[in-house]
1. Using the Kirkwood radius built from alpha carbon pairs, what does the Stokes-Einstein equation give as D for the range 10-127 at 20 °C and 1.002 mPa s, in µm² per second?
2. With a cut-off of at most 15 other beta carbons within 10 Å, and DSSP calling the residue loop, which trypsin sites (Lys or Arg not before Pro) in the range 19-98 qualify? Please list them.
3. Going toward the positive end of the dipole of the range 25-127, with +1 on Lys and Arg Cβ and -1 on Asp and Glu Cβ, which of VAL59, GLN121, GLN71 do you reach last?
4. Would you mind getting me the FRET efficiency between ASN88 and ALA16? Use the beta-carbon distance for r and R0 = 30 Å, nearest 0.05.
Amino acid sequence: MQKPGHQGRMDGGDDAASVEQLLKALESRASEAERRLRTLEQGPQSKTTSHEVVQTLQVVRDLLYKAKERQLELEKKEATLVKERTQNQAKLTALEDRNSKLEYQILHLKRAVKAGDSAQQAAHPQH
């Protein structure tokens, strides 16, 4: 659920900073809402109107929606990264196996060339 004014950025580099900034804003609004609620509970001498409290609570709710959206985005991003890591690890293992086989083949080819050179020198010794 995307609220007006929310930009669904997926920068990656500033994920922690943006989440922390969002949480600070949320904490600030929640503190303000608590203060207004205490004032409202004190009775008619209160200068804060119930309309202001409702507005504050709506802002807090909107911030909570944004925080939840951001959390879901980050969880999806994390799941994608975990999947990519698993795939990359499988590719790496396959490449390591292939490299090992190629090294083994090179070793035997070198031995065969040396054996062929030795046999040729034995058959045609140079004076």
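Taken together, the values in this text are just the output of simple stated rules run on the coordinates, not laboratory data. Computed from a predicted structure; not experimentally measured. No Cβ is skipped: glycine too gets one built from the backbone with ideal geometry, and neighbour counts run over all protein chains shown.
1. Details: Rh = 21.0 Å.
Rounded, D is 102 µm²/s.
2. Values: sites: LYS24, ARG29, ARG35, ARG36, ARG38, LYS47, ARG61, LYS66, LYS68, ARG70, LYS76, LYS77, LYS83, ARG85, LYS91, ARG98; in loops: LYS47.
Listed in order of number, the matching sites are LYS47.
3. GLN121
4. On the way: r = 23 Å, r/R0 = 0.78.
With a Förster radius of 30 Å, E is 0.80.
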